[in-house]
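First up is the structure itself, then whatever we jot down about it.
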């Protein structure tokens, strides 16, 4: 198999802007990490003729065409038929996929209409990827030197299917094994990290080294290509030690391998740190409105350390539930390190947790003043050794949601550092 890829996203809703095309960004990043060149990305609506044209054009340039969307049970789900027509094969029923779809509806407790079984039709001769995250299976079909990979459109299905099913399949057919190790950096910008690592990146071929700017951190992805996973892991580990020996080393707070670990790196590191200390945690949130608690609760098995939290938007809740003294609110205001400290101490008392964290700030777009602008957020961490506070001033251009997300990450990092330096 040759390695030139293109991504073809199918869906009129993408063209109309009703849905942001996050599938393409995800797949493009994974292809780059795997070492597959990808030079074009195309979006086409749910139209038979235009989709057929897009498939022909894609294959005129690429060896592997990855299509997302259009695998559902409705009349506008036309991707499979278009691909089958291109390869000159009929659609046939895949019995395993049919059983999976029937089981999916049974487990959901929903009545399955007959048109749902259309999702089990696949181009004859296809390799079928099971969908453990939804109903429509993924598909790969090869004829001659051309391969089409079809994936469901919803990101909650597309992303894990590509990472867990398609990536290993592509790697196996390319005659090699690929493995990536991610180093997660906090409190350093992408440009500075790149400047430090540029001499390494320019020389690195296998494994490759590349920085990626995420919302609250920089991720350094190290990818190796070899005969076995063990060989690739060793290559990545050696390169990671080289990277960590530079000035970026002190900014690295954790590592990850899988896509899920990478997306949840900061909360996984926090949970690991809490468990290492055998600590439970209580959470007091104002401007983040429960977002910190939600991030923790998203991780399976966290109930052994997460005791509870209080969303204290109104000052009365801060006083009556968390015990924040009225004089602190009157003298310093709700957005202050003094209030944050009292909130953390209060929620630690209320929950009986070993350690507690609090967040109080101005997420915007209104409510800021010259002294306390939008984006100003105060934090506190409290345990048996006392209470520490700090203040962050996030970019005023950040929207409300982003300020809240950045605040959660900052609070988590504050906890991680406290737990790992005692």
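Scan segment 49-57 and tell me whether some residue there is closer than 30 Å to residue 209 by Cα and buried (at least 19 other Cβ atoms within 10 Å of the Cβ). No, the conditions are met nowhere in segment 49-57.
Do we have residue 377 as surrounded by fewer than 19 Cβ atoms within 10 Å (Cβ to Cβ) and in contact (Cβ under 8 Å) with a residue 40 or more places away in the chain here? Spelling it out, it is not the case that residue 377 is surrounded by fewer than 19 Cβ atoms within 10 Å (Cβ to Cβ) and in contact (Cβ under 8 Å) with a residue 40 or more places away in the chain. Of all residues in segment 117-138, which are in a loop (DSSP other than H, G, I, E, B), more than 14 Å from residue 164 (Cα to Cα) and touching a strand residue (DSSP E or B) at 6+ places or on another chain (Cβ under 7 Å)? Within segment 117-138, 124, 125, 126 qualify.
Taking the criterion of being touching a helix residue (DSSP H, G or I) at 6+ places or on another chain (Cβ under 8 Å), farther than 19 Å from residue 251 by Cβ and either assigned to a strand (DSSP E or B) or outside the structural domain of residue 280 (by TED's automatic domain parsing) (or both), the residues of segment 380-421 that qualify are 380, 381, 382, 383, 387, 388, 389, 391. Scanning segment 332-350 finds no residues that are over 21 Å from residue 390 (Cβ atoms) and either under 30 Å from the mean Cα position of the chain (by Cα) or in a strand (DSSP E or B) (or both).
Residues considered: 207, 199. Of these, the only one that is touching a strand residue (DSSP E or B) at 6+ places or on another chain (Cβ under 7 Å) and outside the structural domain of residue 29 (by TED's automatic domain parsing) is 207.
Does residue 26 count as under 22 Å from the mean Cα position of the chain (by Cα), assigned to a loop (DSSP other than H, G, I, E, B) and assigned by TED's automatic domain parsing to the domain that holds residue 156?
Numbers: under 22 Å from the mean Cα position of the chain (by Cα): yes; assigned to a loop (DSSP other than H, G, I, E, B): no; assigned by TED's automatic domain parsing to the domain that holds residue 156: yes.
For residue 26, the condition - under 22 Å from the mean Cα position of the chain (by Cα), assigned to a loop (DSSP other than H, G, I, E, B) and assigned by TED's automatic domain parsing to the domain that holds residue 156 - is not met.
Scanning segment 83-116 for residues that are assigned to a helix (DSSP H, G or I) and touching a residue at least 40 places away in the same chain (Cβ under 8 Å) yields 83, 84, 86, 87, 97, 115, 116.
To keep it simple, each residue is scored yes or no on (1) at pLDDT 95 or above; (2) loosely packed, with under 15 Cβ neighbours inside 10 Å.
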residue	(1), (2)
2	no, yes
9	yes, no
17	no, yes
26	no, no
38	no, no
41	yes, no
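At least 2 residues being surrounded by fewer than 17 Cβ atoms within 10 Å (Cβ to Cβ), within 24 Å of the chain's Cα centre (by Cα) and free of Cβ contacts under 8 Å to residues at least 12 places away in the same chain is the threshold, and among the strands (runs of 3 or more DSSP E) wholly inside segment 215-324 not one reaches it. The set of residues from segment 179-195 being more than 20 Å from the chain's Cα centre (by Cα) and surrounded by 18 or more Cβ atoms within 10 Å (Cβ to Cβ) comprises just one member, 193. Exactly one residue out of 137, 199 is under 30 Å from residue 232 (Cβ atoms) and surrounded by fewer than 16 Cβ atoms within 10 Å (Cβ to Cβ): that is 199. Only one of the numbered conditions (1) more than 22 Å from the chain's Cα centre (by Cα); (2) part of a helix (DSSP H, G or I); (3) touching a residue at least 40 places away in the same chain (Cβ under 8 Å); (4) in the same structural domain as residue 64 (by TED's automatic domain parsing) is violated by residue 141, and that is (2).
The values are calculated or read from the model by the stated rules, or taken from the named source; none is laboratory data. Small disclaimer: the values here were computed from a predicted structure and weren't measured. Note that each Cβ is placed from the backbone with ideal geometry, even for glycine, and that neighbours are counted across all protein chains shown.
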